[in-house]
Amino acid sequence: MKYKVENKKGQVLISFSIDAKEWESAIESVYQKTKGKYNFVGFRKGHVPRKVLENAYGKGFFYEDAFNEAFPKYYYEVLDKESKIFPVDRPDVDVTAIDDDGVKFTALVTVKPEVTLGEYKNLKIKKKIEAVTAKDVDDEINKMAEKNARMVEVSGRAVQNGDEVILDYSGSVNGVKFDGGTAEKQSLTIGSGMFIPGFEEQLVGMNIGEEKNINVKFPEEYHAEDLKGKDAVFAVKIHEIKVKEMPALDDEFAKDVSEFDTLKDLKADVKKNLTKQREEQADIKFENDLIDKATNNAKVDVPACMVESQIDSYLQEFEYQLSYQGIKLDDYVKYTNSSIDDLRKIYKERAEKTVKTRLVLEAIVNAEKITADAKSVDARIDELAKQMGKTKAEVKKNMHPEELDYVKNEVISKNVVEFLKNNNETEKKSAAEKKAGDAE
């Protein structure tokens, strides 16, 4: 086999030439594998000579199958030799000549694009940690109180916004009751927006035991086709009115909801946890800002096929999430009056950014010769072992090469982010200032 490589913009054209001997071997190989399926008058099944088949059906009877078998062999042989060719899509194959003398064909391959890196060091990105205020702490304490609040019945007054009511209702359109429009002793929080627009507002002012007809109009976008935009009447009756009773925010409350004996200690712990959360959030944002700026500073023509492949991954992930809710993707697009193409358009911008970011980070890894050091790989395997409840030795012993490569890629991804952080001018300055302060 002979081949020639021609570089094009974003693609590589590989021209192949297979001589008569190699081509004959490929044809014979296909004949030997398939001869058992041929029936021909005068011969036992599986014993029809190749020449008989070729005379009967044409000289090129085995050409297509032989080429389909031979192509991957020669294609990957070239890729093994030409390590700089990194395909990102299936090749576009064109057979230019095929006969007993051999085969000539080309493979047009879309390859991973070259990245022109911009500035990725000294990016002057500042990490901003939002301070925890007394109000933030109080808000968290109030959330705890909300969770521990209890509903108590009230009497002697009418329904107010925010109350929880227990009611019966029966809905009808043009005097005919409809499916799902009737319930007894149903709980509803006034102002929650759980019912049709206008329903809850008309309950305000009603008293326990009172009955009333409520007139509403179903939304034009309502999920039930037979009710869209229809006027309806609901006969309602109020049985109970309840209000939320909040616990007193004191030491007893702290004991009930936490391990602390005083409200002061509980607040201190809440502040500590909020501070930790915001530091972690600031770290994540700082890293993302560094990556975004390094990516934006770089230039790369992202192939459409890589974007489409990334969109495929997002769709598969979304379909998987829907399946956990018992929903099929086809049903989802039907229910939301959308299409798969609509979803692909939604994911396109995100996919373009993801692919470009990945290419830029790979370019930085190559430019800076960032590797997965043995110590970091070992530490990551140790983490995985603890998660699985096994020893590090057990995990390493049973780890497949692909799994080890995955761990190494994880470490490299982490190391390239650490490189960006360590070479960020603001961080270097802060570290120097801290060191000077420690010396004083």
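Brief remarks on what is shown
- Nearest-ten-degree value, helix 63-81 long axis tilted from longest Cα axis of the chain: 80 degrees
- Positive-end residue, the range 274-406 charge dipole about Cα centroid, Cβ charges, pick of 335, 324, 310: 324
- Degrees between helix 340-368 axis and first principal axis of the chain (Cα, 0 to 90, nearest 10): 70 degrees
- The heavy atoms of residue 47 offer some 100 square angstrom of accessible surface to a 1.4 angstrom probe.
- Of the GluC sites (Glu not before Pro) in the range 39-76, not one is in a loop by DSSP (not H, G, I, E or B) with at most 16 other beta carbons within 10 Å.
- Only the Cβ atoms of Lys and Arg (+1) and of Asp and Glu (-1) were treated as charged; on that basis the dipole of the chain about its Cα centre amounts to roughly 1540 debye.
- Within the accessible area of the chain (1.4 Å probe), percent carbon and sulfur: 48 percent
- At the residue level, residue 106 shows approximately 30 square angstrom of accessible surface with a 1.4 angstrom probe and all protein chains present.
- Among (i) 314; (ii) 152; (iii) 224, the entry derived from the coordinates for volume of the Cα convex hull per residue in Å³: (i)
- Rough spin-label spacing in nm, given labels placed 7 Å along Cα→Cβ, for residue 24 and residue 269: 8.6 nm
- Share of pairwise Cα separations in the range 97-234, more than 27 Å, in percent: 58 percent
- Taking every protein chain into account, the accessible area of the chain amounts to 65 square angstrom per residue (probe 1.4 Å).
- Probe 1.4 Å, all protein chains present, accessible-area order of 358, 150, 50, 90, largest first: 90, 150, 358, 50
- When only Cα pairs below 8 angstrom with a gap of at least 6 residues are kept, the chain shows a relative contact order of 15 percent.
- Averaging Cα coordinates gives a centre for the range 251-269 and one for the range 161-189; these two points are 42 Å apart.
- Per-residue 3J(HN,Hα) values for the range 187-192, derived from phi via the Karplus relation 6.51 cos²θ - 1.76 cosθ + 1.60 with θ = phi - 60°, read 8, 8, 8, 5, x, 7 Hz in sequence order (x marks Gly and Pro).
- The chain: angle of helix 263-297 to the longest principal axis, Cα-based, in degrees nearest 10: 30 degrees
- Per residue, the chain reaches -16000 deg cm²/dmol at 222 nm when only DSSP H runs of four or more residues are counted, each adding -39500 (n - 2.57).
- Residue-wise HN-Hα couplings along the range 100-113, as the Karplus relation 6.51 cos²θ - 1.76 cosθ + 1.60 with θ = phi - 60° gives them from phi, are 5, 7, x, 9, 10, 8, 10, 10, 8, 10, 7, 10, 4, x Hz; Gly and Pro carry x.
- Shape category assigned to the range 338-427 from the gyration tensor of Cα positions, a/c cut at 1.5: oblate
The values are calculated or read from the model by the stated rules, or taken from the named source; none is laboratory data. For clarity, every value in this text was computed on a predicted model and none was experimentally measured. Quick reminder, even Gly has a Cβ in these numbers, built from the backbone with ideal geometry, and neighbours come from all protein chains shown. Ligands, DNA and RNA are excluded from the accessible area calculation, which covers all protein heavy atoms including side chains. Shrake-Rupley method; radii C 1.70, N 1.55, O 1.52, S 1.80 Å.
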